[in-house]
């Protein structure tokens with residue numbers, strides 16, 4: 001008896017929670033579906049945090065291996081996406097700490113085609129974010145995109161909370177100004 | 001069993017067990033790199049044969065296990081061999 | 001690049017308010033209503049900007065992901081190859097009543113996989129998590145299974161079919177008597193017209 005292809009197709013429609021339960025049981029096909037489903041945004045998140053797109057594959061590989069090992073301990077399988085984001089944060093910063101750079105290489109992050117595009121809100125935000133100093137950008141992304149608390153950000157970045165608040169205030173001010181928000 | 005005979009013995013056991021009705025495949029005996037699919041060890045006159053297999057759900061597992069153990073003993077030409085099996089997958 | 005301005009201090013003329021205060025106010029849902037903030041044009045403009053910023057933040061990753069070129073994900077293949085080697089054996093259940101000279105166990109992982117395959121084979125059903133709970137050592141084992149149902153599949157009939165198939169198959173494969181079989185429908189799958197792609 002094989003569940004094979006019919007099962008595999010329907011698997012791509014399964015909820016995160018069901019897939020996480022199967023993967024925790026050892027079903028690597030379910031895990032593959034989870035990875036394919038979430039790796040694009042995980043990659044985008046990792047890129048925003050590390051600003052080194054060339055390292056994203058390595059980080060994602062570590063995230064996936066860590067997630068596979070820890071899945072049986074995940075209490076709420078429905079929250080596996082948020083859980084993957086938490087793992088991605090830790091792995092991204094672990095990688096940055098392993099490779100300290102005195103001056104960070106600010107690589108070009110992927111952006112929507114811009115030649116004839118309306119320079120709207122989204123592109124303004126992207127380019128403003130890219131121009132922020134690295135730490136301010138990271139703190140802002142962790143807070144506003146990742147939804148972490150000040151405590152969690154401080155712990156993830158291994159800095160005091162006061163540093164987090166300060167960086168966040170500066171980041172918000174700059175982004176707001178760049179988007180014409182405090183005229 | 002002398003060391004030089006072991007690889008041939010392993011091959012014989014693997015072929016015999018793989019042919020048993022209800023055995024789908026032999027897995028490496030452990031997850032360590034380079035693990036063999038048939039592990040043979042002789043200690044104090046007892047020949048121990050370890051196997052890790054995938055079985056077919058259309059055959060009762062007890063029957064597969066007994067047939068696989070018998071096939072291994074025949075391949076080793078040792079009625080007294082201890083055969084230890086792990087069924088790691090059933091489909 | 002550093003900023004000379006002290007962080008958290010008044011960074012614009014926001015009528016005595018700080019950007020941090022406005023963010024906190026926004027986080028609270030602008031309640032309780034603060035007349036000082038709401039009557040200040042500068043504050044209202046800043047709040048509008050902050051709301052826009054927040055809305056754009058929510059979309060940022062999705063858009064990044066959509067804009068990124070499709071790429072071969074070699075890292076994923078490497079991961080999947082590696083994990084298939086260590087596929088969660090779980091408990092080892094010994095086969096009883098074997099003749100001397102033969103020892104055998106069935107892994108929990110094997111039995112989970114079997115139940116999973118049985119569920120997947122039932123039309124309209126997809127298996128989720130499978131849990132075995134031994135009642136006493138060497139005694140009966142309870143089984144709890146979570147499933148998803150395809151929208152439109154008859155709930156009672158589909159679950160009953162799953163139970164029937166599991167209870168027909170498991171006694172020949174599990175080296176222990178089955179105690180309870182609990183099936184929980186955790187969610188419903190929407191399958192688009194024409195099936196999954």
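Tabulated values for the structure
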{"read-out": "Point-to-point label distance, residue C:44-residue A:177, nm (Cα→Cβ direction, 7 Å offset)", "value": "2.5 nm"}
{"read-out": "CD proxy at 222 nm, helix term only [per DSSP H run n ≥ 4: -39500 (n - 2.57); per residue of the protein assembly as shown; nearest 500]", "value": "-15500 deg cm²/dmol"}
{"read-out": "Neighbour-count ranking [beta-carbon atoms within 10 angstrom, fewest first] of A:45, A:150, C:33, C:25", "value": "C:33, A:150, C:25, A:45"}
{"read-out": "Packing-based exposure ordering (other Cβ within 10 Å, fewest first) of A:50, C:102, C:77, A:163", "value": "C:77, A:163, C:102, A:50"}
{"read-out": "A:71, C:169 arranged by Cβ crowding within 10 Å, fewest neighbours leading", "value": "C:169, A:71"}
{"read-out": "Chain B - percent relative contact order, Cα under 8 Å, separation 6 or more", "value": "32 percent"}
{"read-out": "Computed FRET value (nearest 0.05) for residue A:127 with residue C:182, which takes r as the C-beta separation and R₀ as 56 Å", "value": "0.55"}
{"read-out": "Residue C:15-residue C:62 FRET efficiency (beta carbon distance; Förster radius 51 Å; 0.05 resolution)", "value": "0.90"}
{"read-out": "Angle in degrees between helix B:6-18 and the longest Cα principal axis of chain B, rounded to the nearest 10", "value": "20 degrees"}
{"read-out": "Residue B:79 paired with residue C:172, simple spin-label distance in nm, labels 7 Å along Cα-to-beta-carbon", "value": "3.1 nm"}
{"read-out": "The protein assembly as shown: Rg to Rh, with Rh as the Kirkwood radius over Cα pairs", "value": "1.11"}
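Values quoted throughout were computed directly from the atomic coordinates according to the rules given, and no laboratory measurement underlies them. These figures come from a predicted structure and were not determined experimentally. Note: ideal-geometry Cβ built from the backbone for every residue, glycine included; neighbour counts use all protein chains shown.
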